[in-house]
1. State the number of residues belonging to region 44-63 that are over 13 Å from ALA97 (Cα atoms) and over 14 Å from the mean Cα position of the chain (by Cα).
2. Only residues that are in contact (Cβ under 8 Å) with a residue 24 or more places away in the chain, open to solvent by 30 Å² or more (accessible area, probe 1.4 Å) and closer than 18 Å to LEU35 by Cα: list them for region 51-81, please.
3. Applying the selection to region 35-57, what residues are within 15 Å of ASP91 (Cβ to Cβ) and among the charged types (D, E, K, R)?
4. Can you report the number of residues in region 97-106 which are touching a residue at least 60 places away in the same chain (Cβ under 8 Å) and open to solvent by 30 Å² or more (accessible area, probe 1.4 Å)?
5. Which of the residues that make up region 78-106 are charged (D, E, K, R), assigned to a loop (DSSP other than H, G, I, E, B) and touching a helix residue (DSSP H, G or I) at 6+ places or on another chain (Cβ under 7 Å)?
6. Do you know which of the residues in region 1-43 that are in a loop (DSSP other than H, G, I, E, B) and at pLDDT 90 or above is nearest to VAL103 (Cα to Cα)?
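The values are calculated or read from the model by the stated rules, or taken from the named source; none is laboratory data. Treat the numbers as computed from the prediction; the structure is a model and nothing was measured. Neighbour counts run over all protein chains shown; Cβ positions are idealised from the backbone, glycine included. Heads up: the accessible areas ignore ligands, DNA and RNA and are worked out on the full protein's heavy atoms, side chains in. Shrake-Rupley method; radii C 1.70, N 1.55, O 1.52, S 1.80 Å.
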Amino acid sequence: MKLLKVIMAGSLMLGLASSSLSADAVKGQKLFSKLLKGPCDMNGAKFAAKHSQEEWKELKTSGKFEAEVIKICPNVKAGDLSDSVQEHIIDFVIEFANDSGNVPSC
């Protein structure tokens, strides 16, 4: 019984720690509005709707996200977005992709 409690507590702690370290769709939305809304000349909803969730995930895993951003937004240049910023924006676009049913407020 005591072992079970220790395992449960450990799982909870690990879950909380990993979620705080992972990228965040809300932060990604804020970063999109701050860094890409002007250069892309579109809001976050239109940008995220450029692809499905699976397409955005594939761009993430293949390392081609930045190239896709530059293709969609020619005013953005390579190196404009740090890796950590890209991670948050990727979570945002996956959350609000054209097949997600979600609509962002930016």
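1. Selection size over region 44-63: 1.
2. ILE72, ASN75, ASP80 - these are the residues of region 51-81 that are in contact (Cβ under 8 Å) with a residue 24 or more places away in the chain, open to solvent by 30 Å² or more (accessible area, probe 1.4 Å) and closer than 18 Å to LEU35 by Cα.
3. Listed by number, the residues that qualify are GLU54, GLU55, LYS57.
4. So the answer is 1.
5. Scanning region 78-106 gives a single hit, ASP99.
6. Result: ASN43.
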